[in-house]
Structure formats: structure tokens, C-alpha cells
Amino acid sequence: MGVGAFLAGAQYVATDDADRGGTLAMYQFTFGQPGTFYILEDDRGSFDTTGYTDTGVDVTAGQFSLPFTVWSQTVVAGQVLTTPTKGGSVEPSCFAFQASN
């Protein structure tokens, strides 16, 4: 998977969507330090983007070169963030975190 340079060195978590074709799970993260949280979303699905900014970077993944849009949100130390659910027959979400320097 190709990524934008701003994701170099980020910590990644990939999820598995066992329920393809339905509503996919929310995830909760608690941040120990400030930084930027990223969601890489399969463009074929939909989710509530409130609080997220489209980075303008799309990446491709998998044997079918599926497009993923990279969304970002600035977070602070101690913040608890619950990701939005998404719908549609889509691939798993991928999350990344880049700590602030």
C-alpha cells in the first residue's frame, strides 16, 4: 500500500470486518500524547466525517487496488475518541496515529 509522506513513521492498526455488507463496528482509542489520528476508509462505503478532515491523499490496497481516502483529526493527550460506524459492502478500516513532536 502506498502512503502519503505525512504517514511515514505512524503507528498503524488494521481492523477486520467480519460482517461484510452490514454496519461495521466502532472502535475506541485513548491517546497518551497529542498528535494526529488518521482513518483510512474504503471509498465504497460511507461514514460520518464530522470532526475529520479529508487529507486529499488516497491510497490503494489489496489485490484489486481498492481506493482508500485518508481522513485526519487532531487529538490531545488523554482524549478518548470513538470512531464512527460505517455502512456498505466495504473493506476493513485502517487507523494510524502520528504523535506530535
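The values are calculated or read from the model by the stated rules, or taken from the named source; none is laboratory data. Since this is a predicted model, take the numbers as computed values, not measurements. Quick reminder, even Gly has a Cβ in these numbers, built from the backbone with ideal geometry, and neighbours come from all protein chains shown.
Mind telling me which of the residues 55, 15 ends up being surrounded by 14 or more Cβ atoms within 10 Å (Cβ to Cβ), at pLDDT 80 or above and among the polar types (S, T, N, Q)? Let's see the steps before the verdict.
On the way: 15 fails: at pLDDT 80 or above.
Just a single option satisfies the conditions, and that option is 55.
With respect to residue 60, is the statement that it is in contact with a Phe, Trp or Tyr (Cβ under 9 Å, 6 or more places away or on another chain), modelled with pLDDT of 90 or more, polar (S, T, N, Q) and not in a loop (DSSP other than H, G, I, E, B) true? For residue 60, the condition - in contact with a Phe, Trp or Tyr (Cβ under 9 Å, 6 or more places away or on another chain), modelled with pLDDT of 90 or more, polar (S, T, N, Q) and not in a loop (DSSP other than H, G, I, E, B) - is not met.
Would you tally the residues in region 18-44 being farther than 25 Å from residue 78 by Cβ and modelled with pLDDT of 75 or more? Reasoning before the result, please.
Step one: filter region 18-44 for residues farther than 25 Å from residue 78 by Cβ, giving 18-24, 41-44.
Restricting the remaining residues to those that are modelled with pLDDT of 75 or more gives 41-44.
Of the residues in region 18-44, 4 are farther than 25 Å from residue 78 by Cβ and modelled with pLDDT of 75 or more.
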